[in-house]
């Protein structure tokens, strides 16, 4: 898939950083060893088989009841009804621990595969679901962006490598490139995957995702499909909305044929929990082990907007999350792929420190991010935000979410985070 | 002057006629308005086709159909407006017990049905294998006469097609289904002691789509 | 009228019907064509003066269980199919997406049904009335947790969403306004028989909200919000993007916001003004919106005169991204390009397949493609393609598409050209599939016609409204 000149291009990108670092070394700011260590982490070829799965917990997950500061009295003061009892918390250290439903995560943590990044957020937090999700997905808090951070990553990827299939160009060749660089396993495409050049298929049910004809006239399918492809590829129309429809239709068709073949061949003994999260993760495992070569998978998990009845709701949801990811990791391990996928779990914001009148909490600000899987250096990162020095009743962040993205882009995927995020962000050490 | 008057009168008449024409047209549009009768699929008032709504089909197998529970669900009973606090508690408890009983009974039924299915499958396989053997045997006979005779028997055997056993005639399955139906009936009785007939009627009204005054 | 003008006029009327409703059957279109554009416009924008008793009779003959989550969807689809007041249903759909409430959390289909009726009652009237009715609606109260909004522990959910999503939009209020607004709505609760004002739980104190101070309760908040300039603007923008254009000019939005003010917040006046505007009748407006799943599905059912709302339709619409009574969040459905992520495109294509497959042949009045061709007396491939392109996409397709479709229709099963006498195209549908690759000659035509209609309905321009 990669040709020599494209490899050279990627190396070029990292060389410029290397030069910068070499300059620093020359000034005695960085030692040669450090330089080498850093440079090896941006080896472009290392990204070849790696992928990232981004799971968005929709609604604003209560981070304080997920990574619980059970060692802090202020926690119990603020939440007389919904605080988790000390004895129930799954300890990480003597200050914080996991929600009791997350036994799977405690296990991952012990194995050193789970990084817990505390206090993640961004300046001037927005408590509207939609704006905050948009900020996380575009990585652009200051403006209303029109591409996603993953979309921009895919755009860069598609320039430097030739995609698997190139659609016959009609008017603007560049806009027609379609590849299985990413798959969205949700009915709706999240803004994080909006790109200028790449159309990402959204597939939530692979069996339904197939071009069908009248079941009694199956013999006609091949000819219809041929006509469909001819028409779509040669649809000479300048209207932007028509172009988007073309791209989407073609991407759908291409993707469906490929995915069906893949799913047929997959075998596993792992039992996933019932429900959408379980079946989506199973499908992703099929794609990863089947080798479609996608770099990005995205998934949403609904229900975290716990304004009321938080204890029961969150307990169930987190249990589902833990069990499903546990099955997922096991499945990948059986196929020798568990070190190739990095899972990022985040939510658009955390919730208020104090509980409200309905056994729940209202929209807040900072929250934890969890990173699991291949290449992760387990442990606690960032600082647990103070529960008493607050910003209008909410936690103050200490880790900008874009540093989490930058770390993944630079160190895991071998991309240039500055190109994707628009400016330089530090890397954390979780990978 | 008279010409002017005549002209004026003419203009007035014409405009009156024009208005009348427009009025007549608008009246006629509304009086023979297709919006008033029939459906849109037929130009005639007596539409031949009655539009309909297809319901989600129920279970297709006989046992599934027998097991359909006519009792209301907890979600439905909860909607009854006049249900008071103590009644709600009782209803919750009633449903809890009912559901756990049903769960146990279903857990008895499931393995029976699975066993039945497995038996059916192996019997079909046996039948198919026997048929294969008969066919094979028929081909190995050499003499014409014997062949003819074999063919006759083969035809007879072919006519005896595989008749699958029926779930609804299996004694063990019938027994458990009967228990489930009995429990369903018991529940209906118990519910009627907690929720009055008038209250059940309220639920019926909701199901039919009675709209409260503020929403009409 | 010269032919060209009449054609343009007819096209305008069809465009109007598509936007103000959900498509049309030929019999439904005829009276509007006869009326002419301005009368049609008047008819459509005065739903309350159109007799809808035919729909009521039809509804009375069906049986729905309004405590069943599937049945309420079928009920609403039935209404959309057979109503004589298309704009009333379309406005109800708009407001359902605006005051987006999901049964997923409410878990009370009956309450969702009542909310739908409440919306329909106020859909075309004064916005203040609708907003107040929604603030008191039991399903809404449950959905945005106002049941838990109490005097000493206020719950901010409703106050936030009512400003962010239902009236002014983001950026027009502060967090403090949210807090004060929440206090005003304390005690606004729901009981099984409707709205209940729990005065014991109501915070009666003084509040400062959007620069005004007083012992406000919910009604006062509704009043203040409805009178904000930002509200008129926000609603105008939303209505225009739903009915006319995705990217309206600022002056168009200002114009409709002006109507909001002048008409004392009358929604009907705003919608009428949108349809009457030159922005709406311009060519830039034609085929400029993407059909929502609702419009796509109902439009297709009407085109083929499927007289039965079948059990699968709500589920298939949900698969396309529009699950009635279950919007994905309080923001409703974003619409526009969000309707065309790749797998939902496939769902649309497969719904079209379903529509033209032999599945519905048993329904009286169902117009299979072959039946339509016979009724129209089409006798050549070119004629057939032209007719269906005109019927389905108003000829909005490049010439190459027409050529390719003709090539498809006039080829035999191996792709070679076939002569097309097109005599007696209606044949008995097959009862079981034949081995692949083989189709008897008299079935080839039927297959081709169904395939042709399917291909047209998968065109990018068929997804446009």
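Read the figures in this text as sums done on the coordinates, not as results from a lab. Quick caveat: nothing in here was measured; it's all calculated off a predicted structure. Reconstructed Cβ throughout: ideal geometry from the backbone, glycine too, with neighbour counts over all protein chains shown.
Odds and ends about this structure:
- Part-to-part distance (alpha-carbon centres) for the stretch C:27-52 and the stretch A:294-311, which is given in Å: 46 Å
- The distance separating the Cα centre of the stretch C:297-311 from that of the stretch C:446-465 comes to 16 Å.
- Convex hull volume of the Cα atoms of the stretch C:231-313, normalised per residue: 125 Å³.
- Diffusion coefficient, µm² s⁻¹, Stokes-Einstein with Kirkwood Rh over alpha-carbon pairs of the stretch C:157-289 at 25 °C and 0.890 mPa s: 149 µm²/s
- The Cα-based radius of gyration and maximum Cα-Cα distance (Dmax) for the stretch C:3-226 are 20.9, 71 Å.
- Debye intensity ratio in log₁₀ form over the Cα atoms of the stretch A:43-117, taken at each q of 0.12 Å⁻¹: -0.44
- Cα-based Rg of the protein assembly as shown normalised by 2.2 N^0.38 Å, two decimals: 1.04
- Test item: A:119-127 mean partner chain Cβ contacts at 10 Å: 1
- Counting Cβ atoms of other protein chains within 10 Å of each residue's Cβ and taking the mean over peptide A:238-251 gives 6.
- The calculated pair-distance distribution of chain C uses every alpha carbon pair, bins of 20 angstrom beginning at 0, and gives 22, 51, 22, 5, 0 percent.
- Dividing the summed helix terms, -39500 (n - 2.57) for each DSSP H run of n ≥ 4, by the number of residues in chain C produces a 222 nm estimate of -16000 deg cm²/dmol to the nearest 500.
- Counting DSSP beta bridges with both ends in the protein assembly as shown, the antiparallel % (nearest 5): 55 percent
- By average C-beta atoms within 10 angstrom, highest first, the peptides C:349-359, B:56-66, A:357-367, B:90-100: A:357-367, C:349-359, B:90-100, B:56-66
- Protection-proxy order for peptides A:82-89, B:192-199, A:101-108, each taking the mean of Cβ atoms within 10 Å per residue, highest first: A:101-108, A:82-89, B:192-199
- Other protein chain Cβ atoms within 10 Å, averaged over every residue that makes up A:354-361: 5
- When both the stretch C:159-223 and the stretch C:346-404 are represented by their alpha-carbon centers, they are found 53 Å apart.
- Average projected area [Cα convex hull, the stretch C:46-116], square nanometres: 4.8 nm²
- As a proxy for reagent exposure, C:206, B:52 were ordered by neighbouring Cβ count within 10 angstrom, fewest first; the result is C:206, B:52.
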